[in-house]
Amino acid sequence: MRHTIVIADNDRETVHALAEHLTGGAFETIFVDSGVEAKKEVCRRNPCLVVLGTNFGDIPGLDLARWILAMPSRPGLILLSSRADPIDRTIGLEMGADDYLSKPFFARELLARIHSVLRRIQPPPRAEDSPPKPAAETVSTGGYVFNFLSRQVQLPHGATVILSWTEAKVLSALLDHRGVPLTRDILSLRALGRTWTPEERALDQHVASLRRKLHSPPPAKPLIITVRHVGYLIEAE
């Protein structure tokens, strides 16, 4: 199966370097160097993944990222930035981006991140003897109702929010183990597809974004609890 990927960045050197690694084989890759062209190709090609720079001259990169993340069936999103500012990284991940890379980076590193995101958002087919989950399958706990397929969560006070793919993976893992604290190692493998390291902040930032989206006023209790020196927990009812 070939994956369609749109790579949008105004740095032609970066685009040319990536083209050597991502053209042919498992990928059908479309390269563009402006925000307008990126928007056009995302609409026309319906890619499974977008690798997006943040420094276009026509459309602010983060505005374009918000547009992609608001799509009903959005593609995976990896942000590229020429700035190493951790605030940029935090904003990108909190918006719902699946991953983030600061320039300069090795093309092989981006390729590894692409494969990781694709594994998360397009899980392998189930075995023939394993029935698929029904379209209406939901999990309810503490007044929250999570729909696996739509990635929607109904909050206790009635509002509904849509999670990013990664946020949904984190929440799904915690719900599968309600009452048991999950370590960052396990959550990182389940949600990010890679081993957690103490320097890695992406997982904690995705959890922080989840908490903001799932915030519900009292008397509702916070859904995700931090277990110090361990990880995170959703309490069993």
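Some points to look at:
- Scanning segment 150-193 for residues that are in a strand (DSSP E or B), over 17 Å from Met71 (Cα atoms) and touching a residue at least 40 places away in the same chain (Cβ under 8 Å) yields Leu182, Thr183.
- Extreme residue, modelled with the highest pLDDT, among residues of segment 1-56 that are assigned to a strand (DSSP E or B) and aromatic (Phe, Trp, Tyr): Phe31
- In segment 194-207, the count of residues that are in contact (Cβ under 8 Å) with a residue 40 or more places away in the chain, part of a strand (DSSP E or B) and in contact with a helix residue (DSSP H, G or I) (Cβ under 9 Å, 6 or more places away or on another chain) is zero.
- The lone exception for Leu62 - which of (1) surrounded by 19 or more Cβ atoms within 10 Å (Cβ to Cβ); (2) in contact with a Leu (Cβ under 9 Å, 6 or more places away or on another chain) it fails: (1)
- Just one of the listed residues (Ser73, Ser116, Ser81) is in contact with an Asp or Glu (Cβ under 6 Å, 6 or more places away or on another chain) and at pLDDT below 85, namely Ser81.
- Here segment 106-115 is the region considered, the condition is being of a type in the set (A, V, I, L, M, F, W, C) and touching a residue at least 12 places away in the same chain (Cβ under 8 Å), and the residue that is farthest from Gly76 (Cα to Cα) is Ala107.
- Test result for Glu235, over 22 Å from Ala97 (Cβ atoms), of a type in the set (Asp, Glu) and surrounded by fewer than 17 Cβ atoms within 10 Å (Cβ to Cβ): yes
The values are calculated or read from the model by the stated rules, or taken from the named source; none is laboratory data. Everything quoted here is computed from the prediction, not taken from an experiment. Because the Cβ atoms are built from the backbone with ideal geometry, glycine has one as well, and the counts that use them run over all protein chains shown.
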